[in-house]
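A.B. asks: Pasting a structure below so you can have a look.
The values are calculated or read from the model by the stated rules, or taken from the named source; none is laboratory data. Please read all numbers here as calculations on a predicted model, not as lab measurements. Cβ sites come from the backbone with ideal geometry, for glycine too, and all protein chains shown count toward neighbours. Accessible surface is based on the protein model in full, side chains and every heavy atom, while ligands, DNA and RNA are left aside. Shrake-Rupley method; radii C 1.70, N 1.55, O 1.52, S 1.80 Å.
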Amino acid sequence: MIRRSACLTVVALLAQPLSFAAAQPNDAEPATRATNEAFAKTLPLADRAGLDDAQRGLIAPLPGGVVAGGLGGAPAWNLKPYDFLNAEQPSATVNPSLWRQARLNLANGLFQVTDRVYQVRGLDIANVTIVEGDTGLIVTDTTLTVPTAKAALELYYQHRPKKPVVALIYTHSHVDHFGGAGGLITAEDAASGKVKVIAPDGFMDHAVAENVIAGNAMSRRAQFQFGAPLPVGDKGQVDAGLGKALAMGAISLIPPNDTIKQAIETRRIDGVDIEFRLVPESEAPSEMISYYPQFKVLNMAEDTTHTLHNLYTLRGAAIRDGRLWSKYIGEAIDRYGDRTDVVIAQHHWPVWGRDRVVSYLKKQRDLYKFIHDQSVRLLNYGLTPTEIAERLTLPPSLAGDFAARGYYGSVSHNAKAVYQFYLGWYDGNPADLNPLPRAEEAKKEIDYMGGAAAVLARARDDYKAGQYRWVATIASKLVFADPSNKEARALGADALEQLGYQAEAATWRNAYLLGAQELRSGLIKTDAVTVSPDMLKGVSIDLAFDFLAVRLNAAKAEGKHIVVNWTFTEPKQTYTMNLENSALTHVAGRLSDNPDVSVTLNRATFDSISLKQRTFLGAIATGDLWVTGNPLKLRELFGMFDEFSPNFEVIEPVKAKIE
C-alpha cells in the first residue's frame, strides 16, 4: 500500500493513481547485513527501560488502531500496516536501532502519567496532553489533524468523566501541535472566551509564515523527510523517528485569545497552577515549556524528546540555535529539576523519578551544546561542513543513550547546520564560489571520467564492494548528465536503497528510499495545498502580499510599472502596491495619489479569491469588490504571477520550463 499523509507544510498529500508499474525493492545486500549486524553490537538493544516507559500507565489502546475521517475516504490514521514491527528481531533491511525506535513508537492509546495528568499518544506524530481541572479539561496540543484530535478526546472520554475542555494550550508554532484544534473546541467558543486558548508570543505569525512563503518547496521536500509516498513495510517506511508517522486529514487553526509575552508567566486555570516559560528560537521560533507545581510535572514541549532533534530539518526551515536550545534546557534543570517527579513532552513517552528526570535533561542539554561547540571548534580550524560532519561523533556518555540517538535529526546534518548558522553556504574556497549548475557540471565530470559507460562499469564494481555512498553520488552525476540513462538510474536506486536500509535516522531512511523509488518509477503526482482556509485567515495582509511578490515572474514584469491602491473595509487597512524594476513592493497605511487602479474589498473576499474559490470578475459582479481606474492593469498584474507545481523533480534536473 502507498501511505498517504499530510506533511508539515501542506493540508493534504493525495497520491494519484500510478501510471507505471512500481518496481519491487531489493533485499539487503551482504554489506548491508554485515553493517547492521555490527551496528547492533554497539548498543544495548535488549534494554527494556524504554519499552517499559513507553507502555507505563496505559489505560486503553486506540480501538483497532484506526481513526476514520481522512481525505478521500481513507483513514486519517492507521497502525495496522505496521504489524510487521511486532517482531522483536529486526529485519535485515532496517537498522536495528531504528527498528527498536519504530517499535517504541507503536505504543498508542490513553495513558495516565500521574494523578490528573493524562496523555493520548500514538494517534499521530505528536501527543495530546490532558490535565483534569476542577470542572473541566486543560488540553495541551492537538495532533496534526481534526479527526485524530477528535479521536484522542473521544478515547479519553471512554475511560474518564466527560468534562468540557476549558482551556487549550499550544506549546509552539508547528502545525502538528495546533492543526487538530477544531476536533477539540469550536472557533466560536475560543472567540467568545468560553474556552481559553493560550499560546507563546509570536505564535500566529510563525504558525502561518513558515507554511506560506516557501510552502510549495517545503511540502515536496517533506515527502522525502517523512516518506509519505513510500509503502509501509520493512523495505519501505517504518517510522518518522519523532513518532510513527503523520496523520492525514483536515487541518484547522483556531487563534489564541491569551498570549504568554513575558519570559515567565503563571496562570491559574480551573484550579490548576501552570508556570509558562518562553523558549523562543529553540525547536521553534515561538515555543514555551510549562510546569505544573501541584503535580510536579514538567512539560518540555519539543525541546527534549527521545531522539536527537533537528537543528536543521530536511524539509527546509530556518536553522535552529543549538547553543540557545541547550541553554533553555539548562535553565529548566536549574528552575524545576529539584521539584519535578515526571517530565513529559509533546512527542514520545515520559520519564519518571527525580534522579532519572535530571539525568535525562542533562544529557539532552549537553547533546545540543556538544554538537554546537564542537562544530564551531572545527570550523575555526577551517574545516568545511562535510569535513566536520564526517569527523564529529558523540562521546560515549551520549552515544550510549537512546534518547540522544539520531532517529529524527542526526549529528551529521546538525553539524552542517551549525556551520550554516554562523558561516552560511559558502565554504570559503573560491573554487566553490560560483560552480556550474548541477546538470552542466555533471556532464563535464562524466566526460572527464571517460564517458557514462566507463563510469558505470567502475560504479558497479564499487557497488559490489559495498561503497554505496560513493555509488549514490556518482550515479546521481550520471542521471543529471542524462536523466534517460536507465542503467544509471537503476544503479543509483540500488545504492540509495542500501543506504536507507542502513540508516539509523528514520528521516534519512525515508529520503534514501523515496529517492530510490523515484529513480526507478518516477514521482507520484500529488495535489498539495500549501495553505488551508483556516490558516489563510491567520496570514496578515502584509504576508499575503509578500507571497504574491515571490510568485512574480520577473521576465513578464520586465519594463512594467503598475501602482495599485488596496482598501480593505474589514479589517480597515490600506496599502499601496508598486510594481517596478521587476519587483513587487507594498507600503501599509497609505494610498498613492496617482494609482493605475484602486481596489476596495473585505478580507473574506480577498481570501476567497486567493483560494481560487472566486475570481476578481465574479466578486465585482456580486458587489463584493469595487474597482476604480483601469481594471486592465489589475488583470495585467495578476497575469504575471507563477503557479508553483508541487511535483517538481528532486533526483533529476527540473523539467519545468522556467522563464
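A.B. asks: Between 106, 85, 110, which is open to solvent by 20 Å² or more (accessible area, probe 1.4 Å) and closer than 20 Å to residue 54 by Cα?
C.D. replies: Answer to the check: 106.
A.B. asks: If you go through region 483-506, how many residues are over 14 Å from residue 35 (Cβ atoms) and among the hydroxyl-bearing types (Ser, Thr, Tyr)?
C.D. replies: Residues in region 483-506 being over 14 Å from residue 35 (Cβ atoms) and among the hydroxyl-bearing types (Ser, Thr, Tyr): 1 in total.
A.B. asks: Of these, 328, 292, which one is closer than 27 Å to residue 150 by Cβ and either more than 17 Å from the chain's Cα centre (by Cα) or open to solvent by 50 Å² or more (accessible area, probe 1.4 Å) (or both)?
C.D. replies: Going through 328, 292 in turn, just one is closer than 27 Å to residue 150 by Cβ and either more than 17 Å from the chain's Cα centre (by Cα) or open to solvent by 50 Å² or more (accessible area, probe 1.4 Å) (or both): 292.
A.B. asks: Going by the conditions given, is residue 457 among the aliphatic types (A, V, I, L, M), in contact (Cβ under 8 Å) with a residue 24 or more places away in the chain and either open to solvent by 70 Å² or more (accessible area, probe 1.4 Å) or assigned to a helix (DSSP H, G or I) (or both)?
C.D. replies: No; evaluated as a whole, the condition is false for this residue.
A.B. asks: List the pairs whose first member sits in region 538-549 and is on the phi > 0 side of the Ramachandran plot, whose second member is part of a helix (DSSP H, G or I) and of a type in the set (Gly, Ala, Ser), and whose Cβ atoms are under 6 Å apart, counting only residues at least 6 apart or on separate chains?
C.D. replies: Hits for this filter: zero, empty list.
A.B. asks: Filter region 279-336 for residues that are under 20 Å from residue 198 (Cα atoms) and in a helix (DSSP H, G or I) and give the result.
C.D. replies: none
A.B. asks: Filter region 295-312 down to the residues that are crowded, with 23+ Cβ neighbours inside 10 Å, at negative phi and out of contact with any Gly (no Cβ under 8 Å at 6 or more places or on another chain) and list them by number.
C.D. replies: 297, 298, 299, 300, 302, 303, 304, 305
A.B. asks: Cβ-Cβ under 6 Å, sequence separation 6+ or interchain: first residue in region 478-492 and within 8 Å of residue 452 (Cβ to Cβ), partner assigned to a helix (DSSP H, G or I) and open to solvent by 50 Å² or more (accessible area, probe 1.4 Å). Which pairs?
C.D. replies: 481/443
A.B. asks: Could you please find all residues in region 237-278 being in a loop (DSSP other than H, G, I, E, B) and either open to solvent by 40 Å² or more (accessible area, probe 1.4 Å) or of a type in the set (Phe, Trp, Tyr) (or both)?
C.D. replies: 250, 255, 257, 261, 262, 263
A.B. asks: Please enumerate the residues belonging to region 65-83 that are modelled with pLDDT of 95 or more, farther than 25 Å from residue 100 by Cβ and small (Gly, Ala, Ser).
C.D. replies: 68, 76
A.B. asks: Just name the residue that is most open to solvent (accessible area, probe 1.4 Å) out of those in region 491-513 that are in contact with a helix residue (DSSP H, G or I) (Cβ under 7 Å, 6 or more places away or on another chain) and of a type in the set (Gly, Ala, Ser).
C.D. replies: Going through the qualifying residues, I end up with 511.
A.B. asks: Then there is this: With respect to residue 409, determine if the residue is open to solvent by less than 30 Å² (accessible area, probe 1.4 Å), on the phi > 0 side of the Ramachandran plot, touching a residue at least 60 places away in the same chain (Cβ under 8 Å) and not aromatic (Phe, Trp, Tyr).
C.D. replies: The answer is no for residue 409.
A.B. asks: Looking only at residues that are under 19 Å from residue 85 (Cβ atoms) and in contact with a Ser or Thr (Cβ under 9 Å, 6 or more places away or on another chain) in region 42-65, which one is most open to solvent (accessible area, probe 1.4 Å)?
C.D. replies: 45
A.B. asks: If I go through region 133-166 residue by residue, how many of them are open to solvent by less than 10 Å² (accessible area, probe 1.4 Å), assigned to a strand (DSSP E or B) and in contact with an Asp or Glu (Cβ under 9 Å, 6 or more places away or on another chain)?
C.D. replies: Selection size over region 133-166: 2.
A.B. asks: Moving to a separate point now. Of all residues being β-branched (Val, Ile, Thr) and outside any helix (DSSP H, G or I) in region 167-202, which is farthest from the chain's Cα centre (by Cα)? Just the residue, please.
C.D. replies: It comes out as 195.
A.B. asks: Could you say which residue among 214, 187, 191, 181 is under 21 Å from residue 540 (Cα atoms), aliphatic (A, V, I, L, M) and open to solvent by less than 40 Å² (accessible area, probe 1.4 Å)?
C.D. replies: Sole residue among the options that is under 21 Å from residue 540 (Cα atoms), aliphatic (A, V, I, L, M) and open to solvent by less than 40 Å² (accessible area, probe 1.4 Å): 181.
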